[in-house]
1. Restricting to the range 158-169, name every residue that is buried (at least 21 other Cβ atoms within 10 Å of the Cβ) and part of a strand (DSSP E or B).
2. Anything in the range 31-76 that is surrounded by fewer than 17 Cβ atoms within 10 Å (Cβ to Cβ), free of Cβ contacts under 8 Å to residues at least 60 places away in the same chain, within 17 Å of the chain's Cα centre (by Cα) and away from the ligand (no atom under 13 Å from the Cβ)? List them, or say none.
3. Give all pairs with beta carbons closer than 6 Å in which a residue from the range 203-215 that is in contact (Cβ under 8 Å) with a residue 24 or more places away in the chain meets a residue that is in a loop (DSSP other than H, G, I, E, B) and within 6 Å of the ligand (Cβ to nearest atom); count only pairs at least 6 apart in sequence or on separate chains.
4. Condition first: within 14 Å of the chain's Cα centre (by Cα) and either away from the ligand (no atom under 15 Å from the Cβ) or of a type in the set (G, A, S) (or both). Can you find one or more residues in the range 118-135 that meet it?
5. Residues G79, G139, G111: which one is among the small types (G, A, S), surrounded by fewer than 15 Cβ atoms within 10 Å (Cβ to Cβ), modelled with pLDDT of 95 or more and within 15 Å of the ligand (Cβ to nearest atom)?
6. Scan the range 61-98 residue by residue and report those that are farther than 14 Å from V148 by Cβ and not small (G, A, S).
7. Which of the following residues is in contact (Cβ under 8 Å) with a residue 12 or more places away in the chain, over 24 Å from P35 (Cβ atoms) and not in a loop (DSSP other than H, G, I, E, B): S106, S195, S188?
8. Among the residues that make up the range 189-202, is at least one of them charged (D, E, K, R) and within 20 Å of V96 (Cα to Cα)?
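The values are calculated or read from the model by the stated rules, or taken from the named source; none is laboratory data. All values derive from a computational prediction rather than experimental measurement. So basically every Cβ, Gly included, is an ideal-geometry build from the backbone, and we count neighbours across all protein chains shown.
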Amino acid sequence: MAIDLEDARKRMVAEQLEKRGIRDARVLEVMRTVPRHRFLPAELHDHAYDDGPLPIGDSQTISQPYMVALMSEVAELKGDEKVLEVGTGSGYQTAVLAHLAREVHSVESIGHLHDRARVILHSIGLSNVFLRCGDGSEGWREHAPFDVVVVTAAMPGIPMPLLQQLTPTGRLVAPIGEDELQTLVRISRRTGHWSEEYFGECRFVKMIGKHGFKE
Ligand code: SAH
């Protein structure tokens, strides 16, 4: 028998997010409402609210719910920000960010993931999302500057081109490190300097591109 997806989603928020310390009320509310299963093929719907990443094809994954919540919380969105996301993937984190910010610009390098995310995001009625297919390690110059940049694929080092596309008080949230293990880092721009904070270890698929890992 198919499981009750709405019920599974509420349990996911209580058990995986609240219990582990996610506190931002807006993040919790958005994750109670965005239908994560819609971003997955039908045969994975019953697992959509499980505590882990899931395959979305092409060796790529939809991130674990906790990681989506943590990145969204660390981004400190109040509702008026222009956001750049690098690594659209399934489009799930894009949808979460779109509920938390004014608009989201998201770049994905794999053509058919980009196409599929576009269809799903449109079908759930989000009109503040702008998608591009290409190498997001270079950012999206035409739409810069961004108040917040969220990177959802592992980067080997601090991505200078992405920092350059931040507003004077902007911040970047990204997994930075080796291809097998990274640290979630927030880099905030302040007048005259940058500050760097760390939010624990994480495992993301590699960013492949000019300022990412090489193929
Ligand atoms: N937030 C997504 C995570 C997807 S995994 C989700 O929860 O579904 C990371 C994604 O980054 C993959 O889809 C991968 O194809 C993409 N990616 C890798 N290198 C990239 C690059 N240089 N530019 C844009 N996207 C890239």
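1. Going through the range 158-169, the residues buried (at least 21 other Cβ atoms within 10 Å of the Cβ) turn out to be 159, 162, 166.
Of everything in the range 158-169, just one residue is buried (at least 21 other Cβ atoms within 10 Å of the Cβ) and part of a strand (DSSP E or B), namely L166.
2. Matches in the range 31-76: R32, D51.
3. F204/A153; V205/A153; M207/A153; G209/D135; K210/D135
4. no
5. G111
6. At the first step, the residues of the range 61-98 found to be farther than 14 Å from V148 by Cβ are 61-70, 87-92, 95.
Matches in the range 61-98: T61, I62, Q64, P65, Y66, M67, V68, L70, T88, Y92.
7. Numbers: S106 fails: over 24 Å from P35 (Cβ atoms); S195 fails: in contact (Cβ under 8 Å) with a residue 12 or more places away in the chain.
Going through S106, S195, S188 in turn, just one is in contact (Cβ under 8 Å) with a residue 12 or more places away in the chain, over 24 Å from P35 (Cβ atoms) and not in a loop (DSSP other than H, G, I, E, B): S188.
8. Step one: of the range 189-202, the residues charged (D, E, K, R) are 189-190, 196-197, 201.
If we keep only those that are within 20 Å of V96 (Cα to Cα) as well, we get none.
The answer is no; no qualifying residue exists.
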